[in-house]
1. Under a 5 Å amide H to amide H cut-off, with H placed in plane at 1.01 Å, what residues pair with residue 87 once short-range neighbours are removed?
2. Can you pull a Stokes-Einstein diffusion coefficient for the chain at 4 °C (1.567 mPa s), Rh from Kirkwood over Cα pairs, as a whole number of µm²/s?
3. So for 227, 66, fewest C-beta neighbours within 10 Å to most, what's the order?
4. Towards the positive end of the charge dipole of the stretch 101-169, with charges on Cβ (+1 Lys, Arg; -1 Asp, Glu), say which of 155, 144, 110 has the farthest Cα.
5. Enumerate the amide H contacts of residue 149 below 5 Å, restricted to partners 5 or more residues apart or on another chain; note that Pro and chain-start residues carry no placed amide H.
6. Just the number: Rg to Rh for the stretch 136-293, Cα atoms, Kirkwood Rh, two decimals.
7. Please find the FRET efficiency linking residue 60 to residue 106, where r is the Cβ-Cβ separation and R0 is fixed at 22 Å, and quote it to the nearest 0.05.
8. Could you check which residue among 215, 199, 113 shows the biggest mean-square fluctuation in a GNM of the chain with a 10 Å Cα cutoff?
Amino acid sequence: MQKHTKHFSIVFAVILLLFAGCQSGNESDQKTYQSWSAYKGDEHSSSYSSLDQINLSNVSQLENAWTFQMSDIRDGEDPVSSQSNPIIIDGVMYANSGKQTVYAIDAVTGEEIWSCKTLEEGQPSAASREVSYWESGDDQRILYSAGNSLLAIDAKTGKIIPSFGTNGRVNLNEGVRDEPENISVTLTTPGRIFKDLIIIGSRLPDFYGAPPGYIRAYHCKTGELVWTFHTIPHPGEPGYETWPPDAYKYAGGVNCWAGMSIDSERGMVFLALGSPSYDFYGADRIGENLYGS
């Protein structure tokens, strides 16, 4: 069943044009961009910092302060690509390796605080750019995807939190098609935190029979699925008429793999969606195919 939360909208294919030269640079605006607590800097994906200790006059004088060797990547092994965009919370850097081990690192000294291997036996590994951080009082968590799972890690200890989902994990294959064991849903970029929700897209194959790229929101504390937006509309939903009547049963893709932006004040998430699958053949899905690109 599709669930909805009030005061929350989804807006597709939005391009935000930021004209920095046209904005007045007051002190409160500058303070907004002095942390890196989320993927790409903040919930807006601004990829911008107003910190000015390092600037054009001294950048050429920088020296290496520390180097961190991820312990799951050893000398002599084949290289593993790491696409992690680390975040920093209260002086602690959180990052993931190409083998999907999550690390907490002292941002001043480069010393490891803890590490957490997240892949279970037989789970597929995928390129990962992400960790997400959520807190409520003393409850501080890293939300991370490994293989086909979304999991919660205690940000203080590095231990997987067993009360989240089932034994600390949510199976992302479930709730998409009738046979979750025959599909594979993973994440490339992190979900976005909105209040007590983590909103996620998906990384999917583009071939025929691929699963649909629904947008889903899970509760950060329990792992409960709170709502689902069908990017391939079901009967009675807006856009259903732009597909063949039974397309929602077999069509796939239309997923958000590149990341999202949140506007907390208006309760909106901005995201772009990919093409339906099979991406080079559409004779079995005549129509505009909302909300595919």
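1. 94
2. Here the translational diffusion coefficient equals 63 µm²/s.
3. 66, 227
4. About the Cα centre, the residue reaching furthest to the positive side is 144.
5. 172
6. 1.00
7. Once rounded, the FRET efficiency stands at 0.25.
8. Highest fluctuation of the listed residues: 113.
Read-outs: derived from the displayed coordinates by stated rules, not from any lab. On a predicted model such as this, the values are computed, not experimentally measured, just so you know. Methodologically, a virtual Cβ is constructed for each residue, glycine included, from the backbone with ideal geometry; neighbour enumeration extends over all protein chains shown.
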